[in-house]
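Engineer: One structure follows; several queries about it will come next.
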Amino acid sequence: MKNIILILLLIMLSLSTMAQKSKKEVIQAIDSKSEEYSAIAGQIWNYAEVGFQEMQSSTLLQETLAKAGFKVEKGVGGMPTAFIASYGQGKPVIAILGEFDALPGLAQEAVPEKKIIEGQVAGHACGHHLFGTASTAAAIAAKDWLIANKKQGTIRFYGTPAEEGGSGKVYMVREGLFKDVDAVINWHPGAGNSASPGTSLANKTGKFRFYGVASHAAAAPHRGRSALDGVEAMDAMVNMMREHVTQETRIHYVITKGGEAPNVVPAFAEVYYYVRHPDRSEVKDVWERIVNAAKGAALGTDTKVEIEITGGVHDLLPNETLAKAMYANLKEVGGYTMTDDERAFGTEIQKTFTGKIPPLSSTQEVAEYQLRAGTASTDVGDVSWVVPTVGMSAATWVPGTAAHSWQAVAAGGTTIGTKGMIIAAKSMALTAIDLFSNPNLLTESWKEFRVKTEGFKYEALIGDRPPVLDYRK
C-alpha cells in the first residue's frame, strides 16, 4: 500500500512539474517571437487609425491570426473593422479582447520632447497598438498550448474597433457575440504593472447639431439665426448645471463646428458631449438634463437642434475570482528593468510631467492586489456584465505618464512600450491556460458573477441604433 501511495505521489508531482514546465515554455515561446510582435505593434503605431477607420490595423491582426491557424470572421456586429478569430472546438470558450484604434490630434514622434509628425492626424495615446498586438500574441500562445497538451476547448480573439468613443464592443454584446463565452481576458497599456480588480465609469456620448439661418453679420444680422448661439447657450446652461450634479459626475464637451467666417451668421454648429458616472442610471439622468438644455437653447435662440447618440458604455463589473488568478500570473511574469537608453528617455520625458513622479524602477514592480475605483470609461464594461471578465495593465509608458497624452504616444513607440506589451501577452496567456486546465476556476468565477448580476438585465445605453461608423469624420 505504501508503494502505491508513493507511486501516486510521484505521478502527481510529475504532472505538476509538467504543467509548470508548460507555462515556462509558453513564456519562452512568446519571448522568442517578441521581435515579430514588436514589429506588428510598430506598424499599427504608424498607421494610427481612428475608430471604425482601422482598416490596415485590423487587417494586419487578422492576417497574423489566420497565419497562426485561426479561422477569421470579418465585419461582425455591423462594423467593417470588427472581427472574431477562433481556434479549437468545444468548451470552455475563452475570449481575449484586442483593440487597435488611435486618438485624433495626438500625432507624436517617439522622442522625449513634443514633436508632431507632420501630416499625421492621430496617435496611439492610449496604447491600443500594443493592446491588440499583445492580445494576439496571447491568443496564439494559448492555441499552441492547447495543441501541445491535446486539450479540448476554444480560444477566441475579438478584434474590437473604436473603443475611444465608438463603443465597438457594445454592438458585439448587443448582437449576442459573447453568449457562449465562458470567460473574457483583456488588458490595457499603462504606467505600471497591476492586476487588481476595479470599476470604471459608465458613460454616454452624443453630438448636438444646431441649425440656424445664415446672413451677413453686419448688413443683415436681423435676418440671421446663429447656430453657434445655440451651441453656446447650451454650453452655458450645462456649465451652470455642474453645480447641481453629484460629485462623481464628469461632463466634457468640444465644439466640433462653429461656423466658417465671423462675418457670416453660422447656419450650422455642432458640439460633442460626454457624460460619465460610476452609476449608469445617473448617467441616463444627467444626459436627459443635457438634452433639455439643448432643447431650451434651441428655443431661446430660434434655432433647431438634432441629437445623435454616438456611444454609451456600462461600468466595469470586477470578478475577483479571475483577478486573483491573473494577479498570480502577473507576479510570476514580473516587470522589467529599463536599459540605459530607456532610462535616459524616461528621465527626459519625466521632466515634462507635473505632480508626483514615481521612480523609473517601478517598471520592475507589480502593484499590490487591492480593489480600486477607476476614473475612466471602457466598453469592456458591457462585456463584463454578460460574462465573467478579467483585466490587467502593464508598464508600457514611462512611470507617471498620463493616458491620452503625447508622452504616452512617444513611449508607446519605443522598446518601453513593447517590453510592457510582452509582459501583458505572457500574463494573459498564462491566465487562459489556467482557465482551460482548471474547471473549478471557471465554476467559481460564474458563482461570483451570478451573485453580482442577480436581477440585472442587459440593456445597451446606445439603444438599438446601428454603429456610428462616421463618428470620427
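The values are calculated or read from the model by the stated rules, or taken from the named source; none is laboratory data. Everything numeric here is computed off the predicted structure, so don't read it as measured data. Counting neighbours? That spans all protein chains shown, and the Cβs are built from the backbone with ideal geometry, glycine included.
Engineer: With within 30 Å of Ile349 (Cβ to Cβ), buried (at least 21 other Cβ atoms within 10 Å of the Cβ), touching a strand residue (DSSP E or B) at 6+ places or on another chain (Cβ under 9 Å) and in contact (Cβ under 8 Å) with a residue 12 or more places away in the chain as the only criterion, which of Ala376, Ala394 stands out?
Structural biologist: Sole residue among the options that is within 30 Å of Ile349 (Cβ to Cβ), buried (at least 21 other Cβ atoms within 10 Å of the Cβ), touching a strand residue (DSSP E or B) at 6+ places or on another chain (Cβ under 9 Å) and in contact (Cβ under 8 Å) with a residue 12 or more places away in the chain: Ala394.
Engineer: Next question. Can you tell me which residue in region 92-116 is surrounded by the fewest Cβ atoms within 10 Å (Cβ to Cβ), limited to those that are farther than 18 Å from Ala191 by Cβ and among the small types (Gly, Ala, Ser)?
Structural biologist: Looking at residues that are farther than 18 Å from Ala191 by Cβ and among the small types (Gly, Ala, Ser), I get Gly105.
Engineer: Quick check on Gly119: is it of a type in the set (Gly, Ala, Ser), part of a strand (DSSP E or B) and surrounded by fewer than 24 Cβ atoms within 10 Å (Cβ to Cβ)?
Structural biologist: No, not satisfied.
Engineer: Collect the residues in region 82-126 that are more than 24 Å from Ala408 (Cα to Cα) and under 22 Å from the mean Cα position of the chain (by Cα), keeping them in residue-number order.
Structural biologist: Ala82, Phe83, Ile84, Ala85, Ser86, Val93, Ile94, Ala95
The rows are residues; the columns are (1) touching a residue at least 60 places away in the same chain (Cβ under 8 Å); (2) over 30 Å from Glu368 (Cα atoms).
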residue: Gly165; (1), (2): yes, yes
residue: Pro197; (1), (2): yes, no
residue: Leu201; (1), (2): yes, no
residue: Phe210; (1), (2): yes, yes
residue: Ser215; (1), (2): no, yes
residue: Met234; (1), (2): yes, yes
residue: Val254; (1), (2): no, yes
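Engineer: Considering every residue within region 351-370, establish whether at least one is over 23 Å from Lys23 (Cα atoms), in contact (Cβ under 8 Å) with a residue 40 or more places away in the chain and touching a helix residue (DSSP H, G or I) at 6+ places or on another chain (Cβ under 7 Å).
Structural biologist: Within region 351-370, one or more residues are over 23 Å from Lys23 (Cα atoms), in contact (Cβ under 8 Å) with a residue 40 or more places away in the chain and touching a helix residue (DSSP H, G or I) at 6+ places or on another chain (Cβ under 7 Å).
Table: residues versus (1) in the same structural domain as Asp101 (by TED's automatic domain parsing); (2) crowded, with 24+ Cβ neighbours inside 10 Å; (3) closer than 30 Å to Ile433 by Cβ.
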position	(1), (2), (3)
Gly381	yes, yes, yes
Val387	yes, no, yes
Thr401	yes, yes, no
Trp406	yes, no, no
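Engineer: Taking the conditions exactly as written (more than 30 Å from Gln152 (Cα to Cα) and of a type outside the set (S, T, N, Q)), does Ala102 satisfy them or not?
Structural biologist: yes
Engineer: Same structure, new question: Look through Tyr171, Tyr158 and report the one residue that is surrounded by 22 or more Cβ atoms within 10 Å (Cβ to Cβ) and outside any helix (DSSP H, G or I).
Structural biologist: Just a single option satisfies the conditions, and that option is Tyr158.
Engineer: Has region 451-466 got at least one residue that is in contact (Cβ under 8 Å) with a residue 40 or more places away in the chain, assigned to a helix (DSSP H, G or I) and either farther than 30 Å from Gly78 by Cα or among the basic types (Lys, Arg) (or both)?
Structural biologist: Yes, the conditions are met somewhere in region 451-466.
Engineer: Here's another thing I want to ask about it. Residues in region 194-239 that are aliphatic (A, V, I, L, M) and either under 30 Å from Lys324 (Cβ atoms) or at pLDDT below 95 (or both): how many?
Structural biologist: Matching residues across region 194-239 total 3.
Engineer: From the residues in region 302-334 that are among the small types (Gly, Ala, Ser) and touching a strand residue (DSSP E or B) at 6+ places or on another chain (Cβ under 7 Å), which one is surrounded by the fewest Cβ atoms within 10 Å (Cβ to Cβ)?
Structural biologist: Ala323
Engineer: Determine which member of the set Leu330, Leu316 is in contact (Cβ under 8 Å) with a residue 40 or more places away in the chain, in contact with a helix residue (DSSP H, G or I) (Cβ under 6 Å, 6 or more places away or on another chain) and closer than 26 Å to Lys23 by Cβ.
Structural biologist: On inspection, the qualifying residue turns out to be Leu330.
Engineer: A further question on this structure: Which pairs do you get when a residue that is at pLDDT 95 or above, found in region 75-87, comes within reach of a residue that is among the polar types (S, T, N, Q) and in a loop (DSSP other than H, G, I, E, B), reach meaning Cβ atoms under 7 angstrom, with the pair 6+ apart or on two chains?
Structural biologist: Qualifying pairs under 7 Å: Ala82/Thr160.
Engineer: For region 428-461, give me each residue that is of a type outside the set (Lys, Arg) and over 20 Å from Val93 (Cβ atoms).
Structural biologist: Val451, Glu454, Gly455, Phe456, Glu459, Ala460, Leu461
Engineer: A further question follows. Give the number of residues within region 345-371 that are within 30 Å of Pro92 (Cβ to Cβ) and surrounded by 14 or more Cβ atoms within 10 Å (Cβ to Cβ).
Structural biologist: Residues meeting the conditions: 3.
Engineer: So, one more: Within region 209-244, work out how many residues are surrounded by fewer than 18 Cβ atoms within 10 Å (Cβ to Cβ) and part of a strand (DSSP E or B).
Structural biologist: Residues that pass the stated criteria total 3.
Engineer: Filter region 61-91 for residues that are assigned to a loop (DSSP other than H, G, I, E, B), in contact with a helix residue (DSSP H, G or I) (Cβ under 8 Å, 6 or more places away or on another chain) and surrounded by fewer than 21 Cβ atoms within 10 Å (Cβ to Cβ) and give the result.
Structural biologist: Matches in region 61-91: Ala68, Gly69, Pro80.
Engineer: Oh, and also: Cβ-Cβ under 7 Å, sequence separation 6+ or interchain: first residue in region 119-147 and farther than 16 Å from Phe100 by Cβ, partner outside any strand (DSSP E or B) and modelled with pLDDT under 95. Which pairs?
Structural biologist: Close Cβ pairs satisfying both conditions: Trp145/Ser22.
Engineer: How many residues does region 408-438 contain that are surrounded by fewer than 24 Cβ atoms within 10 Å (Cβ to Cβ), part of a helix (DSSP H, G or I) and polar (S, T, N, Q)?
Structural biologist: Counting residues in region 408-438 that are surrounded by fewer than 24 Cβ atoms within 10 Å (Cβ to Cβ), part of a helix (DSSP H, G or I) and polar (S, T, N, Q) gives 2.
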